[in-house]
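Some notes on the structure that comes next.
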Amino acid sequence: MISLEGKNIMVTGGAGFIGSHLVEEYLRCGAEKVVVYDDFSSGTIENLSHIKSGLLKIIRGSVLNYNLLNKIVKSEEIDIIDHQAAKLEVYSGILDAKREARVNIFGTLNVLNAAIKNKVEKVLFASSAAVYGQAKKIPQDEMHPLEPHWPYGVSKLCAEKYCMQYNKLHGLNTVVFRYSIVYGPREWFGRVLTMFIKRIFLENESPVVFGDGSQIRDYVYVKDLVKAHMLAIINDKANGEVFNISSGKGISIRDLASLLLEISGKKLGIIFDDPKEGEASRYQPERVRLPKELKVLVLDNRKANNILGWRPETDLHDGLIEEIKWITENPWRWQVKPRV
Ligand SMILES: NC(=O)c1ccc[n+]([C@@H]2O[C@H](COP(=O)([O-])OP(=O)(O)OC[C@H]3O[C@@H](n4cnc5c(N)ncnc54)[C@H](O)[C@@H]3O)[C@@H](O)[C@H]2O)c1
């Protein structure tokens, strides 16, 4: 096990889905202290309530509040910042690109500035496959053209460029991760996988697939992703680099629905629906079709393997079982309006 003994770690967005798994692992690996810095706009205290450690400190604050952020980084003597806080609802971002730009770009600049000011050792940044846009070749490696087709991807691309630039200009150790689609326990409700699981396992209804379901996606299990962060913290060769974090394998949305049906053992079929972009499904009105959907998303993860020695270990089937177990034990977590 990697030791984080003596390290004070801040996780911005630590009350969120991915952030809460990072917090858990940093504490398990012996961090001196973990500070969650979160405005709780989408994160919840329930994501952290199972953690009983006295070494966890939770601060309610926005990354847009530089003075507070800087004060906490200084007073808590933070060594490492894992910057997860972001707005990531793709459809809302299309309707209001400024909101995403504010949090994802200016929020990241605040984190980077506070890091320099307080001589933070390393900043890890959560970027996204959305920086690539439509795939020109499969799998997409880190050299793939960067042509985001949604404002969310533009904001992440801009923020990651600042991370790289701060590394070169100020010598700040930054590591950028481009995650594919992350899943696992505590995933928030709104994306297609959560819609399928809710329908099949909580409502006993057939999953609704848009189009013919041939869209290909790459799902990476959240606990595998956490391991990549641990390896990047202890490896100086990660500094100034960008890594895809993915399963490296594609599955069609139709096959994903079939896999879930198989796991459930229920005699339900698949409903095919074809709403227009931006319109809701007639079978599942809470589900809206995204404009300009990606046809294929599969990220090449060989760089993370070569430099960090990281590889995804969790099979999609096994990871789905963990997520299903969590939500069937906590069904109220998805009794909310979907985040879009
Ligand atoms: N979930 C995925 O599949 C995925 C894929 C690619 C990249 N990412 C990136 O990973 C990170 C975590 O995503 P997640 O899925 O855990 O989402 P999440 O919404 O569960 O977590 C984001 C957290 O950031 C907090 N936050 C938002 N605005 C804030 C602000 N102004 N100040 C402080 N905190 C704020 C939210 O309250 C929440 O706790 C994000 O940066 C996201 O862009 C996620």
Can you tell me how much longer the chain between Ser49 and Lys137 gets when fully stretched, taken as 0.36 nm per residue apart minus their C-alpha distance, in nm with one decimal? 27.4 nm
With a ≥ b ≥ c taken as the square roots of the eigenvalues of the C-alpha gyration tensor of the stretch 240-279, please select rounded if a/c is under 1.5 and otherwise prolate if a/b is larger than b/c or oblate if it is not? oblate
The stretch 14-96: C-alpha gyration tensor shape, a/c 1.5 cut-off, then a/b vs b/c: oblate
Within 10 Å of each residue's Cβ, count the other Cβ atoms and sort Leu69, Leu55 from fewest upward. Leu55, Leu69
For a quick check, take a GNM of the chain with Cα springs below 10 Å and name the residue from Glu160, Glu121, Glu277 with the largest mean-square fluctuation. Glu277
Taking 35 Å as R0, compute the FRET efficiency from the Cβ-Cβ separation of Leu202 and Asn65 and round it to 0.05. 0.40
Using a 10 Å cut-off around each Cβ, can you sort His149, His50 from fewest to most neighbouring Cβ atoms? His50, His149
Among all the aspartates and glutamates, which ones have a C-alpha under 15 Å from Lys136's C-alpha, if same-chain residues fewer than 8 places away are not counted? Glu147, Glu293, Asp300
Label points 7 Å out from Cα along the Cβ direction at Ser264 and Arg282: separation in nm? 2.2
Rounded FRET efficiency, nearest 0.05, which uses the C-beta distance separating Lys337 from Asp96 and R0 of 25 Å: 0.90
Distance check, please: which entries in Lys7/Lys237; Lys156/Lys249; Lys137/Lys223; Lys117/Lys161; Lys156/Lys292; Lys249/Lys303 exceed 25 angstrom between their Cα atoms? Lys137/Lys223
Can you give me the distance in nm between label points at Asn330 and Met1, each placed 7 Å from the Cα along the Cα-to-Cβ direction? 2.1
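Since every read-out is calculated from the coordinates, none of them should be taken as a lab result. Small disclaimer: the values here were computed from a predicted structure and weren't measured. Cβ: placed from backbone, ideal geometry, glycine included. Neighbour counts: every protein chain shown.
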